[in-house]
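In what follows, a structure is listed as structure tokens, so that the remarks can point back to it.
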Amino acid sequence: MKIDVVRAFEDEELKEEFGIPTKKVYSGDLCPDHMGIMVLKDAIFWAQNLHSDLLIIESAGLCLRCTPYTTQAFGLAVLSAVSGSNSPLKMAPMIALADMAVVTKTDLISQAEKEVFREYIRVVAPSIDIIETNAIQGTGMRYLMNAIASHPDITDPTEIVLRGSPPLGVCTICIGKKEIGWQHHFGVIRPLEEADNIYRGD
Amino acid sequence: MDYDQINEIVILPGTNRTGKKEGFEQIVIRTGDTLSIVGPTGSGKSAFINDIEVLAQADTVTGRRILVNGAPPSDDMVRDPAKKPIALITQNTRVIADLNVSRFLDLHIKARKKHYAQDLISKTIELANEFTGEKLTESMSMTALSGGQARALLIADAILIGGTPILLLDEVENAGIFKERVITCLKEFNKTVIFVTHDPYLALGTDRRIVMQNGAVVNVLEPCGREKNVMARVSGIDYFLWNLRERIRAGDLISEEHVVHRGIGVPV
């Protein structure tokens, strides 16, 4: 299942290449991770009805500040090596509660940047499992496949909860208020003087 | 395992695209060996060095296995780029970081968390400048380097900062570097080097040539000096072409006397 905001094509591509059942959900005005959490339980039952062994959910990761991982599932943060060495620091909340960080396209960057990228993931999540991959040649894929294959099955979908509280509550801007300035909004508000009080993940 | 404890890697055969076993029992590569991989485009040259780079365990498309010091490598060695004894530099290797040369090298030094000499950054730049005609300086932006400069710097970085005992160079000769100087330097540092190359000079200059066809190794040539005479001649031709290239790059009009090369019998 692919969750994206406006358009996505992965469902069609994967269905054609691997002949597996796929589905896509557009979140439109809603945050894609918010949407994902809304539909997750239905999606598990959809997969169960198809007798699938594995349900893969890919979210758009719109702002990269989320931790939409749940209990019983295997949480993967996918980071592109070409997004720059600082990107693990920018995506910190997304990495912090994941089980594994998968770095893609490592064949395209220099040795130094590979090492620095890994260092910065460790800064965010010191004990996270990291896999460097180049999917074209298959580099690193064996570790990813082993990790997925050895993850325990879901026992009870009704017991699944989020691992942390992502900053994705529907806010006044999400519901369509367009005014700028904290005076026009309610809920979580921040004047400039206290703007450093940002969400830092769990 | 420290880098200096690694003295041998062994490549065990996989299969070609039709599932037939490759034409060798094992390829043993010892410290300081030089090899080249030759074969037509699409014959599996890059896949071969990729198997070495990923330290394949019959889990890539080729089915090859790589042993380090006679045993399958540890997970740590395979997975941590700072512990892997292999550096791969290809024509696709890019530097994305928006940093200048000295900050880029400093970042790599810091990632290694080892004690390094104070002047390592300037030493690395000095070495890179031996490989390229377009001089690098500390304050140049990494993203603005030419292909030749970037390749020269990455090779110098692999030798001095990375310190990896095994270098895999995938068609780097096209990037405008002084290949003779690179080869002598790699020998001085006793590096094991594997070239993927279409360059006759580079291919003839290595101890062994691995010949690829249809996704598999079909032959391992070990000339043992039998190509020595040819090598001298190829070196002359190579120098001649280099000279010609430089003249064309400099904007010269090429006359007949430039291409009538004396002594080495280049067909005009």
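The rows are residues; the columns are (1) among the small types (Gly, Ala, Ser); (2) more than 21 Å from A:Thr104 (Cβ to Cβ); (3) not in a strand (DSSP E or B).
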position: A:Val6; (1), (2), (3): no, yes, yes
position: A:Asp29; (1), (2), (3): no, yes, yes
position: A:His34; (1), (2), (3): no, yes, yes
position: A:Val39; (1), (2), (3): no, yes, yes
position: A:Phe45; (1), (2), (3): no, yes, yes
position: A:Asp53; (1), (2), (3): no, yes, yes
position: A:Cys63; (1), (2), (3): no, no, yes
position: A:Thr67; (1), (2), (3): no, no, yes
position: A:Val78; (1), (2), (3): no, no, no
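Which of the following residues is touching a strand residue (DSSP E or B) at 6+ places or on another chain (Cβ under 8 Å) and not hydroxyl-bearing (Ser, Thr, Tyr): B:Arg181, B:Arg112, B:Arg151?
So the residue among B:Arg181, B:Arg112, B:Arg151 that is touching a strand residue (DSSP E or B) at 6+ places or on another chain (Cβ under 8 Å) and not hydroxyl-bearing (Ser, Thr, Tyr) is B:Arg151.
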Self-check item: Candidate set: the range B:55-69, residues that are at positive phi and surrounded by fewer than 17 Cβ atoms within 10 Å (Cβ to Cβ); chosen: the one modelled with the highest pLDDT
Solution: B:Asn69
Quiz prompt | Meets criteria (among the aliphatic types (A, V, I, L, M), modelled with pLDDT of 95 or more and within 30 Å of A:Tyr120 (Cα to Cα)) for B:Ile52 | solution = no
Self-check item: Verdict on A:Ile131 being in the same structural domain as A:Leu76 (by TED's automatic domain parsing), buried (at least 19 other Cβ atoms within 10 Å of the Cβ) and not in a loop (DSSP other than H, G, I, E, B)
Solution: yes
Quiz item: Is there any pair with a first residue in the range B:50-62 that is more than 9 Å from every other protein chain (Cβ to nearest Cβ) and a second that is surrounded by fewer than 20 Cβ atoms within 10 Å (Cβ to Cβ) and of a type in the set (D, E, K, R) whose Cβ atoms are under 6 Å apart and which are 6 or more apart or on different chains, and what are they?
Solution: B:Ala58/B:Arg65
Exercise. Restricting attention to the range A:95-125, report how many residues are more than 9 Å from every other protein chain (Cβ to nearest Cβ) and not aliphatic (A, V, I, L, M).
Key: 5
Quiz item: On the given criteria, is A:Tyr143 assigned by TED's automatic domain parsing to the domain that holds A:Ala73, under 22 Å from B:Leu107 (Cα atoms) and in a helix (DSSP H, G or I)?
Solution: no
Quiz prompt | Checklist (1) assigned to a loop (DSSP other than H, G, I, E, B); (2) more than 22 Å from A:Thr133 (Cα to Cα) applied to B:Pro73, failing item | solution = (2)
Quiz prompt | Search result, residues across the range B:95-106 that are within 10 Å of chain A (Cβ to nearest Cβ) and buried (at least 19 other Cβ atoms within 10 Å of the Cβ) | solution = B:Val95, B:Ala97, B:Phe104, B:Leu105
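On the given criteria, is B:Ala47 assigned to a strand (DSSP E or B), under 18 Å from the mean Cα position of the chain (by Cα) and within 14 Å of chain A (Cβ to nearest Cβ)?
For B:Ala47, the condition - assigned to a strand (DSSP E or B), under 18 Å from the mean Cα position of the chain (by Cα) and within 14 Å of chain A (Cβ to nearest Cβ) - is not met.
Among the residues of the range B:185-244 satisfying the criterion of being among the polar types (S, T, N, Q) and part of a helix (DSSP H, G or I), which is surrounded by the most Cβ atoms within 10 Å (Cβ to Cβ)? Even if it seems obvious, please write down each step before you answer.
Of the residues in the range B:185-244, the ones among the polar types (S, T, N, Q) are B:190, B:192, B:197, B:206, B:213-214, B:219, B:229, B:235, B:243.
Checking which are part of a helix (DSSP H, G or I) leaves us with B:229, B:235, B:243.
On the way: B:Asn229: 9, B:Ser235: 16, B:Asn243: 12.
By that ranking, first place goes to B:Ser235.
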Exercise. Would you point out which residue out of B:Lys113, B:Lys84, B:Lys20 is within 27 Å of B:Glu138 (Cα to Cα) and either surrounded by 15 or more Cβ atoms within 10 Å (Cβ to Cβ) or basic (Lys, Arg) (or both)?
Key: B:Lys113
Quiz item: Can you tell me which residues in the range B:83-94 are part of a loop (DSSP other than H, G, I, E, B), at the interface with chain A (Cβ under 10 Å from one of its Cβ atoms) and modelled with pLDDT under 85?
Solution: B:Asn92, B:Thr93
Quiz item: Can A:Ser83 be described as under 30 Å from A:Val161 (Cα atoms) and surrounded by fewer than 23 Cβ atoms within 10 Å (Cβ to Cβ)?
Solution: no
Quiz item: Does the range A:98-110 contain at least one residue that is modelled with pLDDT of 90 or more, under 30 Å from B:Ile155 (Cβ atoms) and assigned to a loop (DSSP other than H, G, I, E, B)?
Solution: yes
Quiz prompt | Candidates A:Gly140, A:Gly201, A:Gly169, filtered to the one that is within 14 Å of chain B (Cβ to nearest Cβ), touching a helix residue (DSSP H, G or I) at 6+ places or on another chain (Cβ under 9 Å) and modelled with pLDDT under 85 | solution = A:Gly140
Quiz item: Do we have B:Leu160 as in a strand (DSSP E or B), under 19 Å from B:Val193 (Cα atoms) and in the same structural domain as B:Pro200 (by TED's automatic domain parsing) here?
Solution: no
Quiz item: in a helix (DSSP H, G or I), among the hydrophobic types (A, V, I, L, M, F, W, C) and more than 21 Å from the chain's Cα centre (by Cα): does that describe B:Leu127?
Solution: no
Practice problem: Scan the range B:182-218 for residues that are aliphatic (A, V, I, L, M) and more than 26 Å from B:Gly162 (Cα to Cα) and jot them down. | Solution: B:Leu204, B:Ile210, B:Val211, B:Met212, B:Ala216, B:Val217, B:Val218
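The values are calculated or read from the model by the stated rules, or taken from the named source; none is laboratory data. Treat the numbers as computed from the prediction; the structure is a model and nothing was measured. Neighbour counts run over all protein chains shown; Cβ positions are idealised from the backbone, glycine included.
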